[in-house]
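Colleague: What follows is a single structure, and I will ask about it in a moment.
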Amino acid sequence: MSESNDSKWLTLPPEVFVPAKKQIAPFKHCHIGTRSPLHAQALIRELQNQQITINVNGTQIKTGKLYLDFADVTQRSAAKSNRMQKQDPSLQLTLIGKDFDLPGESSKPECTSTTNDVVVPGLICIHDFVSEDEEQVLIACLTGPNAPWAPEQKNFSKTGAVKRRVQHYGYVFDYESADVLRNRKDEEEKTLCPPMPCLPGDSWTKEMLDLFSDNAVKEGSGWDILAAVVERTRQTEFDDNDNEASPVKKRYPDINQITVNEYKRGQGIGSHIDTESAFSDGLISISLGSDCVMEFKHKDTGVKKLVHLPPRSLLLMSSDARYIWNHQIVTRMTDCVNGKVLPRKTRVSLTLRTAITLPSGEGKNDTTPLAKVETRVFPPKWGKVSESEELEDEDISTPETEREHVHAVYDAIATQWHHTRGKRGVLWPGATKFLKELPKGSIVADVGCGDGKYFPAIWEAGSYVIGTDISEPLLQTSIGACANADTNKAGPQNRQVSSSKMGLNSRPAVAVGDCMHIPLQSKSCDAAICIAVMHHLSTSSRRIRCLKELSRVVKKGGMINVQAWALEQESNSKRKFAGTDVFVPFNAQPRYLNKVNANGEKKSQESQNIDEKCKGVAEMYSDAYEGAEYDERKGLVVFQRYCHMYKEGELEDLVSKIDSLEMVGSGFESGNHFVILKVV
Amino acid sequence: MRLLTHNYMQSTVKGTEKGYPLKIEADKVEYEESPFDAEFVKALIPKLNYEILSFALGQIVEKCKQDIEEVQIPELPENIGEDLDEELLKKLHTVLFDLHVVEGHLICPDTGRRFAIKMGIPNMVLHADEM
């Protein structure tokens, strides 16, 4: 699309570009030029899953069902469209009776192959620098519940806030001054980013590093892997492709700063050369989670080079590549690599750099690397490191992580949780056996009962259960009063109980309560169960408190069964946990999130309307909830649940800290660790 | 909320000594008949704090008499011994299983903190400054 075709911008329907070689043969992809994200969104609304007829060189071709996807306008073209609007405010596009934004630039991904012959001196890409296992654990850790994202107010650049989330380790890179903050002053929070994770001790050989990293993968310790990857980078000898006559190996042993960038699908970074006075030669970018094409442009000649960065690769920018070529990641949804269109996913990049001192005298090169600031205290945190770990141990107040990523999530997804999980009614055999063996007439506390999945098993065993849970909406599903219930009967229809237990099932005994303060009398219950609860507690002091509370409410001699998710999952399990503290997504269907679709039969006529409303609700939820995202293509809201995965022996260790509890059994079933305890 | 459940509940507000028994302020009570299981009632009796059960019934009995027409609200004896006849077991069954406080409050005896009961579910969660 050339600039001279301005008038064409007003002609619609939009132009369809078919790759020249494929004009005769059947083709899979074609590019539709649109003028704005709104225009593109409108097209998707109109044409998704439709078949259309297009004109290719005079031949009418009926397409298959279309799958449309779009990339946002580039920053440059957005600026251009702003300028154009100023020049000619009358420029307006109309499509299907709707008003649209001003034209933007085509976002067709340019293929890397078009710049195959361009060489950027000092640019080296090493594939598979990080293993797949390492990548998985690193991503889980760096985007997980303990990731130290920079506080938002710190992410300003000259052109406004940096939209993507970033983390800094060692030293803060300040977007406002485009410089590194060299002094880590105690009184200035803004400079006190987390130290870089480091390895225990020195003198690491490559073999030792690999062994250490393998073990860290098994332990789910992303911070250890990050430390190992940094050390591996420091030790790597890069070929100097700059100087073929006298090859020298380059090393960057002084790397002292990490910036973690999270590029969501479609996000990019503007064209820039990293501040020369802030970092020494040798910038390293490690890609995790997604492919991406980075665009290099010579600052004088404008010559362009497109470089494919596969996931797990390391890119070194040194000499010319670092100082005289601009680099950028164009904001769009796909890249084109050797003729193949690669959709982008969320990419986490690790930028490893060597921050340097300011020149002291005349010479520009009299700078030295700043001292390394490192830690073995994980997770690394912003601000002053508190000396008194003991004090924190006493704190059992609800952390924000749990409020946002446990309590709020279960409140939001309660109805769907009950309809899917509850209905399936999968009980852990160990827990059922435990309940069956209790004496008849036992009073059982079900702490964190959720929708009351275990209630029937308790009743049928001849016991009476009192369930407590922090989520009121979940408890409402347990009594059949959920807002969206597709039943009008009293009592949840999914629970199957024998006729003598109908009365109990009709109105189960439940109370809203916190497992830090179980609202039951001390020594009043004969037994307690606490299933799939403790993996939502985010500190060890809260885990211990939960066990203490369980032992408080149960009589001497009474039994307690505790189960929680295990880090170690069976090899055939669909679940794999890449860390001890992770976000586990829950895919919520918008129809369960609101009350619109209470009656399934209402579909058909109203379905359009309902879908629209669902979409509205879904967007509302994804806006309101920390970390929740609306996946428009799947029509799902993805919530992030905080989970702590217990290592083998971890529950036992916690129990050993409580005098009133005696371990009488422990084991592993269906991806969970369990302990059976006796109150003594 | 059944009176059986009430028998086990306590307030955990900061500053409570026992937090037990909770007073009941019933705004709405309901009766729902459930299958009588003499053995189950017998098994539960020894687990109960009978005094507290009588206390709880006393707290809601007037409301029950107002709201419930289906049955006569049983009167419980002051004490119960070892042998329980069928009639008493049936009375106990009604009090333990079939009377429900649907709306109202539970009140901490030590601090006066009021815990709301909605749809039969008492909300015992504490505010941050109560822990």
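Colleague: Do you know the relative contact order of the range A:114-359, to the nearest whole percent, from alpha carbon pairs under 8 angstrom that are 6+ apart?
Modeller: 26
Colleague: Specify, per residue and in Å³, the volume enclosed by the convex hull of the alpha carbon atoms belonging to the range A:114-359.
Modeller: Spread over its residues, the Cα hull of the range A:114-359 gives 149 Å³ apiece.
Colleague: With r as the distance between the Cβ atoms of A:Val341 and A:Glu189 and R0 = 60 Å, compute the FRET efficiency 1/(1 + (r/R0)^6) and round to 0.05.
Modeller: 0.85
Colleague: How about the range A:262-312: which GluC sites (Glu not before Pro) there are in a DSSP loop, with at most 15 other Cβ atoms within 10 Å of their Cβ?
Modeller: A:Glu276
Colleague: In percent, how large is the relative contact order of chain B, given Cα pairs closer than 8 Å and 6 or more residues apart?
Modeller: 40
Colleague: A follow-up question, please. Between B:Thr16 and B:Met131, what is the spin-label point distance in nm, taking each point 7 Å from the Cα along the Cα→C-beta axis?
Modeller: Using points 7 Å along Cα→Cβ, the separation is 1.6 nm.
Colleague: Spin-label point model (7 Å from Cα, Cβ direction): what's the A:Ile61 to A:Ser540 distance in nm?
Modeller: If labels sit at A:Ile61 and A:Ser540, their model points lie 6.4 nm apart.
Colleague: A further question follows. Which peptide among B:35-48, A:134-147 comes first, and what is the full order, when sorted by highest mean count of other Cβ atoms within 10 Å?
Modeller: The packing order, highest mean first, is A:134-147, B:35-48.
Colleague: Another one. If R₀ is 22 angstrom, what is the calculated FRET efficiency for the pair A:Arg403 and A:Ser522, using the beta carbon separation as r and rounding to 0.05?
Modeller: 0.20
Each value in this text was obtained by applying a stated rule to the coordinates, not by laboratory testing. As the structure is a computational prediction, the values presented were derived from the model and not from experiment. No Cβ is skipped: glycine too gets one built from the backbone with ideal geometry, and neighbour counts run over all protein chains shown.
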